[in-house]
Amino acid sequence: MPEKCVLDIHDRPSPGLWLALSTQHLFAMFGATVLVPFLTGLNPAVALVSSGVGTLIYILCTKGKIPVYLGSSFAFIGPIIAAKTIGGVEGALIGCATAGLVYVLVSGLIAKYGVRWLFRLLPPVVIGPVIVVIGLGLAGIAVKMATGQAAGGPYSLNEFIVALSALTIAIIFAAFMRGIFGLVPILFGIIGGYLVAIPFGLVNLANVTSAPLFAVPDFIIPGVTASPVISLAIIAMVAPVALVTIAEHIGDQTVISKVTGRNFLEDPGLHRSLLGDGLATVFAALIGGPPNTTYGENIGVIAITRVFSVFVVGGAAVLAIIFGFVGVIAAFIQSIPTAVMGGVSILLFGIIAASGLRLMIDRKVDFAKKRNLIICSVILVIGIGGAVIHISETVQVSSMALAAVIGIVLNWVMPGRDDDEDAAVFSANDAAEAAE
């Protein structure tokens, strides 16, 4: 058992402690998990259910050996919003399902050929700038939400004040709080911003007070509740994002391995964790939820509490499912003012962009080399500038996908590539150092 471990992977706590630890774990993921559907127009209650079921799928695929909770992925916010303009919500969800299938495909290739080829395909000089693109590409959305202009309305000083309040509270908790409180700044930012919004008249509690205790979420099931919209344009726009989130998945696996004193890349294996993540994303898309992904908050809670128990993570998943069917909770989430979400989004999207920079710094990407400077520059301008390729009237490649693909191609064709350096990008020791 790892040193100072409170509960190891397969330790089962007593019922009371189990409930308390699982609730704590869920709250650490709660704010970010419901923010993604809020921004993309999906149902937050469905997102809670899909994240809970997705986590249980992940635990099953990894043979109960990895204490990981899956929440909503921020990398897909932009593609989902863009895809909805082409094929509506149903089309965007089908696109998300294909992204999950990319995970499954990569999982099969790793099981057969090993993982070195993937590390060479996605080196830091490619993935780092693409992560920056994800964060900065969403910056405009956050600012419009914060200023009341998200729906095309006029600038609102009151809403901006509320947004800045939510942002300030989130920053205070992130920078000055310790322990579990420092891991949930988004949750407290939302709560604080919500309270500030009340005297400004931005909160409507009518639906909350009239909401039933039990309510079935508005699931969107292609072929059952809605006609599936299959579009090559949407698939080309959404599916390639999986390449970026796969790289993030590998990084999270190496860090959680270091924290728990194990090597999850070997046992149960990266192919199993990717399979679980992919199937969870497919399931989420097929019931109307956003794609799932591993969360840094999950690793933070485990590192601080030293509770490695997969039973605690599974308990958090079950609670998420239950919360999704509580009508009052769903109504409360939907009553959160857009400005509040805009305020915390300013911090979150900035952190995403900064994490891309940190990846390149930690991996010592040398920008004195022209190839690295060129690759990074092209990815940033294409991704943030919004460049797209229109293959036909209905098929186009989104800016984020295009930036990632061009980055991969440039890395392979330009001279000076270091295969050994690329292959070592996600070694456990390096990832642990980055986390520290």
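Could you grab me the full set of residues in the range 272-330 that are out of contact with any strand residue (DSSP E or B) (no Cβ under 6 Å at 6 or more places or on another chain), within 19 Å of Lys63 (Cβ to Cβ) and polar (S, T, N, Q)?
Ser273, Thr294, Asn298
Restricting the search to the range 110-166, which residues are over 30 Å from Pro415 (Cα atoms) and buried (at least 24 other Cβ atoms within 10 Å of the Cβ)?
Answer for the range 110-166, where residues must be over 30 Å from Pro415 (Cα atoms) and buried (at least 24 other Cβ atoms within 10 Å of the Cβ): Ala142, Met145, Ala146, Glu159, Val162, Ala163, Ala166.
Among the residues of the range 390-428 satisfying the criterion of being at pLDDT 70 or above, surrounded by fewer than 15 Cβ atoms within 10 Å (Cβ to Cβ) and of a type in the set (Val, Ile, Thr), which is farthest from Ala233 (Cα to Cα)?
Checked the range 390-428; the qualifying residue farthest from Ala233 (Cα to Cα) is Val413.
Hey, among Val405, Val388, Val365, Val378, which residue is over 30 Å from Phe30 (Cα atoms), of a type in the set (A, V, I, L, M, F, W, C), in contact with a helix residue (DSSP H, G or I) (Cβ under 7 Å, 6 or more places away or on another chain) and touching a residue at least 60 places away in the same chain (Cβ under 8 Å)? Spell out how you get there, then give the answer.
On the way: Val405 fails: in contact with a helix residue (DSSP H, G or I) (Cβ under 7 Å, 6 or more places away or on another chain); Val388 fails: touching a residue at least 60 places away in the same chain (Cβ under 8 Å); Val378 fails: touching a residue at least 60 places away in the same chain (Cβ under 8 Å).
Of the residues listed, the single one that is over 30 Å from Phe30 (Cα atoms), of a type in the set (A, V, I, L, M, F, W, C), in contact with a helix residue (DSSP H, G or I) (Cβ under 7 Å, 6 or more places away or on another chain) and touching a residue at least 60 places away in the same chain (Cβ under 8 Å) is Val365.
Look at Ala83 and say whether it is in contact with a Gly (Cβ under 7 Å, 6 or more places away or on another chain), under 30 Å from Ala226 (Cβ atoms) and assigned to a helix (DSSP H, G or I).
Values: in contact with a Gly (Cβ under 7 Å, 6 or more places away or on another chain): yes; under 30 Å from Ala226 (Cβ atoms): yes; assigned to a helix (DSSP H, G or I): yes.
Yes, satisfied.
Hey, could you check the range 278-311 for residues that are surrounded by fewer than 22 Cβ atoms within 10 Å (Cβ to Cβ) and of a type in the set (Gly, Ala, Ser) and say which is nearest to the chain's Cα centre (by Cα)?
Across the range 278-311, the extreme among qualifying residues is Gly296.
Name the single residue that is modelled with the lowest pLDDT among those in the range 8-31 being of a type in the set (A, V, I, L, M, F, W, C) and crowded, with 22+ Cβ neighbours inside 10 Å. First the steps, then the outcome.
At the first step, the residues of the range 8-31 found to be of a type in the set (A, V, I, L, M, F, W, C) are 9, 17-21, 26-30.
So of that shortlist, the ones also crowded, with 22+ Cβ neighbours inside 10 Å come out as 21, 26, 28-30.
Values: Leu21: 91, Leu26: 91, Ala28: 81, Met29: 85, Phe30: 85.
This residue is Ala28.
Give Ile220, Ile230 a once-over and let me know the one that is in contact with a Leu (Cβ under 7 Å, 6 or more places away or on another chain), surrounded by fewer than 22 Cβ atoms within 10 Å (Cβ to Cβ) and either under 22 Å from Gly114 (Cα atoms) or not acidic (Asp, Glu) (or both).
Ile220
State the number of residues belonging to the range 197-216 that are within 20 Å of Leu167 (Cβ to Cβ), hydrophobic (A, V, I, L, M, F, W, C) and assigned to a loop (DSSP other than H, G, I, E, B).
Of the residues in that region, 4 qualify.
Name the residues in the range 237-272 that are hydroxyl-bearing (Ser, Thr, Tyr) and touching a helix residue (DSSP H, G or I) at 6+ places or on another chain (Cβ under 6 Å), would you? Full working, then the answer.
We begin by selecting, within the range 237-272, every residue hydroxyl-bearing (Ser, Thr, Tyr); these are 245, 254, 257, 260.
Within the range 237-272, Thr245, Thr254, Ser257 qualify.
Can we say Val68 is of a type in the set (A, V, I, L, M), assigned to a helix (DSSP H, G or I), buried (at least 18 other Cβ atoms within 10 Å of the Cβ) and touching a residue at least 60 places away in the same chain (Cβ under 8 Å)?
Numbers: of a type in the set (A, V, I, L, M): yes; assigned to a helix (DSSP H, G or I): no; buried (at least 18 other Cβ atoms within 10 Å of the Cβ): yes; touching a residue at least 60 places away in the same chain (Cβ under 8 Å): yes.
Criteria not met by Val68.
Taking into account only those residues within the range 32-68 that are at pLDDT below 95 and of a type in the set (Ser, Thr, Tyr), which is nearest to the chain's Cα centre (by Cα)?
Out of the qualifying residues, it is Thr33.
Quick check on this structure: which one of Tyr194, Tyr155 is out of contact with any Lys or Arg (no Cβ under 7 Å at 6 or more places or on another chain) and outside any helix (DSSP H, G or I)? Before the answer, list the steps.
Working: Tyr194 fails: outside any helix (DSSP H, G or I).
Checking each option against the conditions leaves just Tyr155.
Does at least one position in the range 25-40 carry a residue that is part of a loop (DSSP other than H, G, I, E, B) and in contact with a strand residue (DSSP E or B) (Cβ under 6 Å, 6 or more places away or on another chain)? Steps first, please.
Within the range 25-40, the subset part of a loop (DSSP other than H, G, I, E, B) is none.
No - not one qualifying residue is present in the range 25-40.
Out of all the residues in the range 250-277, which are of a type in the set (A, V, I, L, M, F, W, C) and touching a Cys at 6+ places or on another chain (Cβ under 7 Å)?
Filtering the range 250-277 for residues of a type in the set (A, V, I, L, M, F, W, C) gives 250, 255-256, 259, 264-265, 270, 274-275.
Within the range 250-277, Leu275 is the sole residue that qualifies.
Checking Leu275 against (1) surrounded by fewer than 23 Cβ atoms within 10 Å (Cβ to Cβ); (2) part of a helix (DSSP H, G or I); (3) not hydroxyl-bearing (Ser, Thr, Tyr), only one condition comes out false. Which one?
(1)
Among the residues of the range 352-393, which ones are in a helix (DSSP H, G or I) and among the small types (Gly, Ala, Ser)?
Quick first cut of the range 352-393, residues in a helix (DSSP H, G or I) only: 352-362, 370-385.
Those that are in a helix (DSSP H, G or I) and among the small types (Gly, Ala, Ser): Ala353, Ala354, Ser355, Gly356, Ser377, Gly383, Gly385.
With the requirement that a residue be within 14 Å of Gly54 (Cβ to Cβ), modelled with pLDDT of 95 or more and either assigned to a helix (DSSP H, G or I) or of a type in the set (Lys, Arg) (or both), what does the range 287-315 give you?
Once the filter is applied, which keeps residues that are within 14 Å of Gly54 (Cβ to Cβ), modelled with pLDDT of 95 or more and either assigned to a helix (DSSP H, G or I) or of a type in the set (Lys, Arg) (or both), the range 287-315 yields Ile287, Val313, Gly314.
The values are calculated or read from the model by the stated rules, or taken from the named source; none is laboratory data. Quick caveat, the model's predicted, so the values are computed rather than measured. Positions of Cβ are generated from backbone atoms using ideal geometry, with glycine treated the same way; all protein chains shown enter the neighbour counts.
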